[in-house]
Amino acid sequence: MNIMLIAGEPSGDLHGARLAKAILERRPEARLSGMGGEQMRQAGVKLLFDPTKISTIGFVEAIKNIQVLRKVMLKLAETIRQQRPDVVVLIDYPGFNMRLARMVKAEDIPLVYYFSPSAWAWGKSRAEKVAQTATKVVSVFPFEAEIYREAGADVTFVGHPLLDIVKPSMPAQEVRESLGIALKAPVVGLLPGSRRQEIELLLPEMLAAARLIKSALPEVRFVLPRAGSIEMALLQKHLDKAQVEVQVVDGRAYDLISISQAVIATSGTVTLETAVLGVPMVIIYKTGASTYLLGKMLVRIPHIGLPNIILGRMAMPEYVQHDVKPEIIAAQVVRMLTDAEYAAALRADLAEVVQRLGKPGAVGRTADLVLAVAEKHRLRKQV
């Protein structure tokens, strides 16, 4: 059985790796290839391309890499035509994968979309486009599944894989001991993202907020997990200017979040990871001016933070673009650290988010769906 997995960003690499492992547990003889990063390679996927180091955010910013990605897409499409996999699994990365999907569809090769394009943000037309190409849409949000179903897609809600993935490696006390952080010291996590542009735009704002928090609460400690896609030199450039002590740790994001009483997070998957760990957060997002204006015209949701989108209301404070101000962020974090009633209400909201994400086992259910689509295709070829 030949299965191709296509991911283009660090988060997609993570989910692709988990899916690859689940597929190989069920079908050890399966041959997995495709596009992704180091985690997928280690999981047994033969990588044809690795675009995770050049992933960007925003419409305008992506133009810088458009020629590179176009060449990758054409080579990948040619490989698909030659190898004729039993199924192609597209994982997030909509700007690239939706175009690739049309090429796959033209070759009459089954296509499964995992972490499908955010139809709830972009409107029904995007769901309809996916429905036209995808053999199966695997949905990780219940409200998303309904949108795709109305658009005519064959969709299954499997739950969110983060429920299985997000687990600290050790108890909180041991994490603190390993980092030399006193048991009673308040900890604030800084989560600036896994893309270079996010670091450049948002880490300075986080560090400025950290200085204000430190002046209000001198005993507070700051921790920052370094994503593998981000060089330490990039972080250090901003840390040297910050005049606030931040403990940077390679990886171990879940360990660091688990010992935090509050987090400042860039909007994205990490906000859901933080929600699963039950830690109150301030969500921020910033991008280039042109991208922001274009996105404001196209995106049709009132919130940017995934916890707030899932709840359909503003639960975690969030700030976008010009509203990303250190003094406002700092005030929210200080309140989370000092107002027990407020912090408890936020944790209750996060528990509701987790409940809406479904039940554990999403990755295994997704692997079963992928294998079922591939097997059906193999049987059809034999007729």
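The values are calculated or read from the model by the stated rules, or taken from the named source; none is laboratory data. Predicted model, so just to flag it, every value in this text is computed and none were measured. Virtual Cβ from ideal backbone geometry, glycine too; neighbours counted across all protein chains shown.
Could you tell me how many of the residues in segment 1-17 are free of Cβ contacts under 8 Å to residues at least 60 places away in the same chain and over 17 Å from the mean Cα position of the chain (by Cα)?
Going through segment 1-17 one residue at a time, the tally reaches 0.
Quick test for you: out of GLU341, GLU352, GLU327, pick the one residue that is modelled with pLDDT of 95 or more, of a type in the set (Asp, Glu) and under 19 Å from ILE257 (Cβ atoms).
Matching residue, one of GLU341, GLU352, GLU327: GLU352.
Here is a check on your reading of the model: is ARG176 of a type outside the set (Ser, Thr, Tyr) and assigned by TED's automatic domain parsing to the domain that holds ASP50?
The answer is no for ARG176.
Considering only residues of segment 17-42 that are at pLDDT 95 or above and part of a loop (DSSP other than H, G, I, E, B), which is surrounded by the fewest Cβ atoms within 10 Å (Cβ to Cβ)?
Filtering segment 17-42 for residues that are at pLDDT 95 or above and part of a loop (DSSP other than H, G, I, E, B), the one surrounded by the fewest Cβ atoms within 10 Å (Cβ to Cβ) comes out as GLU29.
Per-residue answers, yes or no, for (1) more than 19 Å from ALA362 (Cβ to Cβ); (2) not in a helix (DSSP H, G or I):
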{"site": "VAL112", "(1), (2)": "no, yes"}
{"site": "GLU128", "(1), (2)": "yes, no"}
{"site": "SER169", "(1), (2)": "yes, yes"}
{"site": "SER194", "(1), (2)": "yes, yes"}
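List pairs: first in segment 22-33 and without any contact (Cβ under 8 Å) to a residue 40 or more places away in the chain and assigned by TED's automatic domain parsing to the domain that holds LEU48, second among the small types (Gly, Ala, Ser) and surrounded by fewer than 20 Cβ atoms within 10 Å (Cβ to Cβ), Cβ under 8 Å, 6+ apart or cross-chain?
LEU24/ALA30; LEU24/GLY44; LEU32/GLY44
Give the residue that is modelled with the lowest pLDDT, with candidates limited to residues of segment 166-190 that are surrounded by 17 or more Cβ atoms within 10 Å (Cβ to Cβ) and within 17 Å of the chain's Cα centre (by Cα).
Applying the filter and picking the extreme gives VAL166.
Test SER139 against the criterion of being without any contact (Cβ under 8 Å) to a residue 24 or more places away in the chain, surrounded by 14 or more Cβ atoms within 10 Å (Cβ to Cβ) and more than 25 Å from GLN332 (Cβ to Cβ), and give yes or no.
Taking the combined requirement at face value, the residue satisfies it.
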